[in-house]
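What follows is a single structure, written as structure tokens, with notes after it.
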Amino acid sequence: MKVQQECIDEFPLIQKGVNQAIYAIENEQLVVHTIEEAGNSWDEFVHSFPEDKCCHIFSHFHYISSTDNVERSKFVHVLWAPSKASKKDKMQITFFAQQVLTEIGALGAARIEAGNKASLDYASTQERILRRVTVK
């Protein structure tokens, strides 16, 4: 899968938490669907996810640590495959996920797979992220 240069160029600002982005599959390549300044709540950002396109979505997830009450942030990659997306796009987004992450430099992001917005509510997302990053 070809990754549009704009996706690569914009990624450093996303990693730093300045922006958050939705990269979609169009014509067998990854293109910028939307880029917006970070600052919306998690639930507002999730509400903007497209219902009919598979996407790689990148943002910082902000939360308060339950152990020390300190505000923290985790860089998150959502592999978005909604039910209304085509089967071909679902196969492509899954098959090429590692290649895309390598090409844009997002290998350190906490990965979450989702297909509906209800599964990405704030509490569920926080639990899934903390389960991945907690050292036992």
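The values are calculated or read from the model by the stated rules, or taken from the named source; none is laboratory data. A quick note: this is a predicted structure, and the numbers were derived from the prediction, not measured. Reconstructed Cβ throughout: ideal geometry from the backbone, glycine too, with neighbour counts over all protein chains shown. Note: accessible area is taken over every heavy atom of the protein model, side chains too, but ligands, DNA and RNA are not part of it. Shrake-Rupley method; radii C 1.70, N 1.55, O 1.52, S 1.80 Å.
When you scan the stretch 94-109, do you find a residue that is within 23 Å of E44 (Cα to Cα), in contact (Cβ under 8 Å) with a residue 24 or more places away in the chain, assigned to a loop (DSSP other than H, G, I, E, B) and open to solvent by 50 Å² or more (accessible area, probe 1.4 Å), even just one? The answer is no, given that none of the residues of the stretch 94-109 is within 23 Å of E44 (Cα to Cα), in contact (Cβ under 8 Å) with a residue 24 or more places away in the chain, assigned to a loop (DSSP other than H, G, I, E, B) and open to solvent by 50 Å² or more (accessible area, probe 1.4 Å). Restricting the first member to the stretch 1-12 and to residues that are of a type outside the set (S, T, N, Q), and the second to residues that are open to solvent by 90 Å² or more (accessible area, probe 1.4 Å), the beta-carbon pairs closer than 7 Å and six or more apart or on different chains are M1/E28. Could you list, ordered by first residue, the pairs with Cβ atoms under 6 Å in which the first is in the stretch 25-45 and among the charged types (D, E, K, R) and the second is open to solvent by 40 Å² or more (accessible area, probe 1.4 Å), at least 6 apart or interchain? So the pair list comes out as D43/Y122. Selection of the stretch 3-17 for residues being surrounded by 13 or more Cβ atoms within 10 Å (Cβ to Cβ) and of a type outside the set (F, W, Y) yields V3, Q4, E6, C7, I8, E10, L13, I14, Q15, G17.
Filter the stretch 4-42 for residues that are touching a Leu at 6+ places or on another chain (Cβ under 6 Å) and part of a strand (DSSP E or B) and give the result. Matches in the stretch 4-42: N19, Y23.
Applying the criterion of being without any contact (Cβ under 8 Å) to a residue 12 or more places away in the chain, in contact with a strand residue (DSSP E or B) (Cβ under 9 Å, 6 or more places away or on another chain) and farther than 18 Å from R128 by Cβ to the residues of the stretch 61-85, the residue that is least open to solvent (accessible area, probe 1.4 Å) is V70. I57 meets the conditions (1) part of a loop (DSSP other than H, G, I, E, B); (2) open to solvent by less than 50 Å² (accessible area, probe 1.4 Å) in every case but one. The failed one is (1). In the stretch 122-136, the residue that is surrounded by the fewest Cβ atoms within 10 Å (Cβ to Cβ) out of those that are under 26 Å from E10 (Cα atoms) and modelled with pLDDT of 90 or more is Y122.
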